[in-house]
Amino acid sequence: MVSSAIEVMKIKREDFLTSLEKVKPGLSTKGTTIQSTCFVFKDGMARTFDGELACCYPLPDGLPLEGAVRADKLLDVLGKMQEEDIGLEIREAHLVVLGKGRKYGVTMEKDIQLPVESIEGPGEWTKLPDDFLRAVAMVLQCACGSEMVFFSTVLHIHPDWLETGDPTEICRWQLATGFAESCLVRRAAAKCLFASGVSEFSLVNSWVHFRSSDGLLLSLRRYDNKYPDMTRVYAVQGEPVDLPDGLEEEARGAAIFSKENMTSGRILVEMRPGLLRVSGQGPYGFYTGRPRKTSYQGKNISFLIAADLLVSLARAYDRCEVSGGKLKVVSGDCTCVACLYAPRGDANK
């Protein structure tokens with residue numbers, strides 16, 4: 001049982017929540033690793049680890065907590081409390097959260113078994129380029145990842161670019177990353193980088209570590225598999241086509257129902273001479289947009305594309321290229337290629 005040697009500690013509820021939210025991405029919903037559904041407290045730090053991603057962040061005021069608590073229960077407790085200041089106390093086998101006239105006791109395991117000791121520590125730190133996080137956010141909107149194809153589940157960090165994709169859609173952002181060699185990490189784990197504010201990285205044998213100036217440490221497992229060379233695919237050139245006004249709105253509408261469909265959230269774009277139309281469907285409904293005017297004058301074609309990616313492309317760019325069964329969008333350092341296909345009913349008629 002946990003000792004009750006620690007007196008009541010007074011802290012700001014929001015400060016405690018901030019520390020927990022910082023490490024929340026490392027939690028597992030499936031319990032794949034021992035204590036992977038827990039917040040683990042030790043040495044003034046909050047930690048999580050799901051086997052692919054480990055997160056570590058300082059506790060407010062160096063709270064002297066030690067043990068593991070179910071993350072969902074602790075977050076529920078803190079979410080129900082309205083007090084600005086709360087108390088924390090270790091009582092028997094519980095972390096007790098004290099409010100005004102009430103208290104919650106969350107079961108706390110004294111023995112820390114989260115296997116963070118198996119993670120190889122960082123070496124020399126290198127500054128990330130300014131556009132790194134923006135590039136990660138953009139390319140990870142491409143495709144949706146199929147567990148049947150390994151390269152569909154990873155982000156490829158190359159010395160000269162970032163890229164990801166699947167057999168129907170790929171995206172590359174040209175960038176001098178600072179990495180001396182290629183590195184593959186799981187897409188799901190890499191999503192934690194979006195709003196992390198990390199500014200440095202350290203690449204070691206089986207892990208890549210990222211850290212921010214406020215003390216956040218993110219450790220992502222890396223893989224040695226060889227990523228396929230997509231350079232020839234990106235080199236495709238075709239007929240320039242204007243992206244019509246209102247395309248972002250159409251993509252958002254189609255995404256409402258396509259999120260649960262068999263195409264993993266992709267929406268359908270149909271192009272005919274002078275017109276473009278977006279639609280989406282799923283088990284709970286469908287959306288069909290009105291035809292939008294465009295400069296396209298080729299054959300009737302149809303293709304699937306990730307809804308979030310089309311929203312981003314429509315917001316940022318106004319032109320694409322269509323050629324050889326592919327649609328390509330290039331703007332600055334970013335290149336996206338989507339494979340075209342004829343759906344049931346033969347859109348090429």
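Values for this structure:
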quantity	calculated
Any strands (runs of 3 or more DSSP E) falling wholly within segment 1-119 and containing at least 1 residues that are touching a Ser or Thr at 6+ places or on another chain (Cβ under 9 Å) and of a type in the set (S, T, Y)	45-49, 53-58
Meets criteria (open to solvent by 60 Å² or more (accessible area, probe 1.4 Å) and among the acidic types (D, E)) for D85	yes
Residues of segment 147-181 classified as more than 15 Å from the chain's Cα centre (by Cα), over 18 Å from D131 (Cα atoms) and not in a strand (DSSP E or B), total	8
Segment 172-198 residues that are free of Cβ contacts under 8 Å to residues at least 60 places away in the same chain and within 10 Å of I157 (Cα to Cα), paired with ones that are open to solvent by less than 30 Å² (accessible area, probe 1.4 Å) and aromatic (F, W, Y) (beta carbon under 7 Å, 6 or more apart)	T177/F132; S182/Y227; L184/Y227
Scan of segment 121-134 for residues that are of a type outside the set (F, W, Y) and either within 13 Å of Q35 (Cβ to Cβ) or open to solvent by less than 70 Å² (accessible area, probe 1.4 Å) (or both), ordered by number	G121, P122, G123, T126, L128, P129, D131, L133
Those residues of segment 215-239 which are without any contact (Cβ under 8 Å) to a residue 60 or more places away in the chain and more than 19 Å from F151 (Cα to Cα), in sequence order	A235
Qualifying positions in segment 147-164 - among the aliphatic types (A, V, I, L, M) and out of contact with any Pro (no Cβ under 7 Å at 6 or more places or on another chain)	M148, V154, L155, I157, L162
Out of P64, P58, sole residue that is open to solvent by 40 Å² or more (accessible area, probe 1.4 Å) and farther than 25 Å from E120 by Cβ	P64
Criterion: open to solvent by 10 Å² or more (accessible area, probe 1.4 Å), of a type in the set (S, T, N, Q) and within 19 Å of M138 (Cα to Cα) - qualifying residue of T177, T164, T168	T168
Residue among K103, K110 that is modelled with pLDDT under 95 and either exposed (fewer than 14 other Cβ atoms within 10 Å of the Cβ) or closer than 18 Å to A338 by Cα (or both)	K110
Any hit, segment 241-259, residues being in contact with a strand residue (DSSP E or B) (Cβ under 7 Å, 6 or more places away or on another chain), over 20 Å from L304 (Cα atoms) and in a loop (DSSP other than H, G, I, E, B)	no
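The values are calculated or read from the model by the stated rules, or taken from the named source; none is laboratory data. These numbers come from a predicted model, not from an experiment. So basically every Cβ, Gly included, is an ideal-geometry build from the backbone, and we count neighbours across all protein chains shown. Accessible surface is based on the protein model in full, side chains and every heavy atom, while ligands, DNA and RNA are left aside. Shrake-Rupley method; radii C 1.70, N 1.55, O 1.52, S 1.80 Å.
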